[in-house]
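Chemist: Let me give you the structure first, and then I'll get to my questions.
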Amino acid sequence: MAIPFHREDGVEYGSVRRLSPMIRRVVANNPSVFTYHGTGTYIIGSGRVAVVDPGPDLPRHVDAILAATRSERITHILVTHTHMDHSPATRTLQARTGAPSYGYGPHGTGRFERGEAVEEGADWEFVPDVEVRDGDVVQGEGWSVECVHTPGHTSNHICYRLREEGSLFSGDHVMAWSTTIVSPPDGDMGDYLRSLERLLDGEDARYWPTHGPGIPDPQVFVRACIAHRRERFDQIMQCLSEGMERVAEMVPLIYRDLPRSMHPAAARQVFSALLYLIEEGRVACSDSLGVDARYRPAS
Ligand SMILES: [Zn+2]
């Protein structure tokens, strides 16, 4: 089952665009293979507004957010998770607005932490002023969001459901343009699948991911994301049953169309899938767990 991806033709950096009666977006100029055209910072409401994912700490981007809300007041800063392209501008924006920040908590260390910073791209400095939990409702002037804890991409990932419009700010959990990176130690494939399945209970009409365009048919999209991961698990099981033991052997086969420069990121995905398959009792590891370890089907 192919995921029905949606693309977006270019964006205009530094200007604000209206996406719905209550939502505007400013895109940061940080395009990359991981961020697509850049980080989309959302503004909710009018007059007294919330900002979702201030983005990377680029002075021009913060200026653009402030210019977009010039005659308004930012009263809330909502953060989906603590990657460098999402949370660092919170500090600058707070210094200039005084608005409190909301999030699940600081960046997690994951299950396999060995005392060193094993992950790149994490914003270790972010600490929310207000810690939110699943089901909490944050209320502003004319808007309210329900917090939906969706661990997987990171352990502290939160989606925010805008109740007045029946839409979900899906962060990096579900994106229209690409699959999500689930990289251990803090990324967890089992959590990620459970967080996808949870969204199937929601009746959201649209998702607003932090990168790329909105997703107009989210239920169909999420089902396809789940099916895609299960296909990957089958491919990995097939490789193992043919005697391949190492992630490095499987990546070129499973990710045939991916440029070589992306293979290290793909290896992290295969590794996270293997950890999940071990959890499920389908795979065993012959060494100590790691991306370079040897794996085999569980007998
Ligand atoms: Zn992220």
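Chemist: Springs between alpha-carbon pairs under 10 angstrom, Gaussian network model over the chain: which of Thr39, Thr82, Thr97 fluctuates most?
Modeler: Its mean-square fluctuation being the largest, the pick is Thr97.
Chemist: Could you list the GluC sites (Glu not before Pro) in the range 212-245 that lie in coil according to DSSP, counting only those with at most 11 other Cβ atoms within 10 Å of their Cβ?
Modeler: For GluC sites (Glu not before Pro) across the range 212-245 that sit outside H, G, I, E and B with at most 11 neighbouring Cβ atoms in 10 Å, the list reads Glu242.
Chemist: Same structure, new question: Based on the mean of other Cβ atoms within 10 Å per residue, sort peptides 128-138, 155-165 so the most packed one is first. If you can, show how the numbers build up before the last one.
Modeler: Values: 128-138: 14.3, 155-165: 22.3.
Going by the mean number of other Cβ atoms within 10 Å, highest first, we get 155-165, 128-138.
Chemist: Let me ask something else about it. If eta is 1.306 mPa s and T is 10 °C, what Stokes-Einstein diffusion coefficient results for the range 82-216, Kirkwood Rh from Cα pairs, in µm²/s?
Modeler: Rounded, D is 102 µm²/s.
Chemist: With the dipole of the range 75-215 worked out from charges on the C-beta (+1 for Lys and Arg, -1 for Asp and Glu) around the Cα centre, which of Trp143, Trp124, Thr179 lies farthest toward the positive end?
Modeler: Value computed over the given set: Trp143.
Chemist: Further question: I'd like the orientation of helix 59-68 relative to the chain: the angle between its Cα long axis and the longest Cα principal axis, in ° from 0 to 90, rounded to 10.
Modeler: That helix lies at roughly 50 degrees to the long axis.
Chemist: For the range 142-184 and the range 225-290, what is the separation of their Cα centres, given in Å?
Modeler: Distance between centres, Cα-based: 25 Å.
Chemist: Once ligands and nucleic acids are excluded and a 1.4 Å probe is used, how much of Thr80 is accessible, expressed in Å² to the nearest 10?
Modeler: Near enough 0 Å² of accessible area.
Chemist: Would you look at the GNM of the chain, springs on alpha carbons closer than 10 Å, and say which of Ala122, Ala89, Ala205 moves the most?
Modeler: Ala205
Chemist: Could you state the angle between the C-alpha long axis of helix 189-199 and the longest principal axis of the C-alpha atoms of the chain, as a value from 0 to 90 degrees rounded to the nearest 10?
Modeler: 50
Chemist: Once the principal axes of the Cα atoms of the chain are found, what is the range along each, listed largest first in whole angstroms?
Modeler: Result, largest extent first: 64, 40, 35 Å.
Chemist: What is the set of long-range amide H partners of Ala284 at a cut-off below 5 Å, with H atoms built 1.01 Å from backbone N?
Modeler: Excluding prolines and chain starts, which carry no amide H, the hits are Arg296, Ala298.
Chemist: For every other residue with a beta carbon closer than 13 angstrom to the beta carbon of Ile3, add +1 if it is Lys or Arg and -1 if Asp or Glu, then tell me the sum. Mind dumping the intermediate values first?
Modeler: Details: positive: Arg7, Arg223, Arg229, Arg230, Arg232; negative: Asp217, Glu231.
Residues close to Ile3 contribute a combined charge of +3.
Chemist: Take the Cβ-Cβ distance between Arg194 and Arg48 as r, set R0 to 25 Å, and report the resulting FRET efficiency rounded to the nearest 0.05. Walk me through the numbers on the way to the answer.
Modeler: Details: r = 35 Å, r/R0 = 1.41.
Result of the calculation: an efficiency of 0.10.
Chemist: For Leu253 and Arg7, what does the FRET efficiency come to when R0 = 22 Å and r is the distance between their Cβ atoms, rounded to the nearest 0.05?
Modeler: Taking R0 as 22 Å, the efficiency between Leu253 and Arg7 is 0.25.
Chemist: Tell me the carbon and sulfur percent of the accessible area for the range 189-255, rounded to whole percent, probe radius 1.4 Å. Before the final figure, lay out each step's value.
Modeler: On the way: 1320 of 2810 Å².
Roughly 47 percent, rounded to a whole number.
Chemist: I'd like to know which of Gly55, Pro218, Tyr13 lies farthest towards the positive end of the charge dipole of the chain, counting +1 on Cβ of Lys and Arg and -1 on Cβ of Asp and Glu.
Modeler: Going by the charge dipole, the pick is Tyr13.
Chemist: Something else about it: With the chain treated as a Gaussian network of Cα nodes joined by springs under 10 Å, which of Leu274, Leu66, Leu78 yields the largest mean-square fluctuation?
Modeler: Judging by the Gaussian network model, the answer is Leu66.
Chemist: Kindly express, to the nearest 10 degrees and within the range 0 to 90, the angle between helix 263-279's C-alpha long axis and the longest C-alpha principal axis of the chain.
Modeler: Here the helix axis deviates by roughly 70 degrees.
Chemist: Moving on. What FRET efficiency comes out for Gln235 versus Val130 if R0 is 41 angstrom and r is the Cβ-Cβ distance? Round to the nearest 0.05.
Modeler: 0.45
The values are calculated or read from the model by the stated rules, or taken from the named source; none is laboratory data. Note that this is a predicted model, so its numbers are computed, not measured. With ideal geometry, Cβ positions are generated from the backbone for all residues, glycine too; neighbour counts draw on all protein chains shown. Heavy atoms of the whole protein, side chains included, go into the accessibility calculation; ligands, DNA and RNA do not. Shrake-Rupley method; radii C 1.70, N 1.55, O 1.52, S 1.80 Å.
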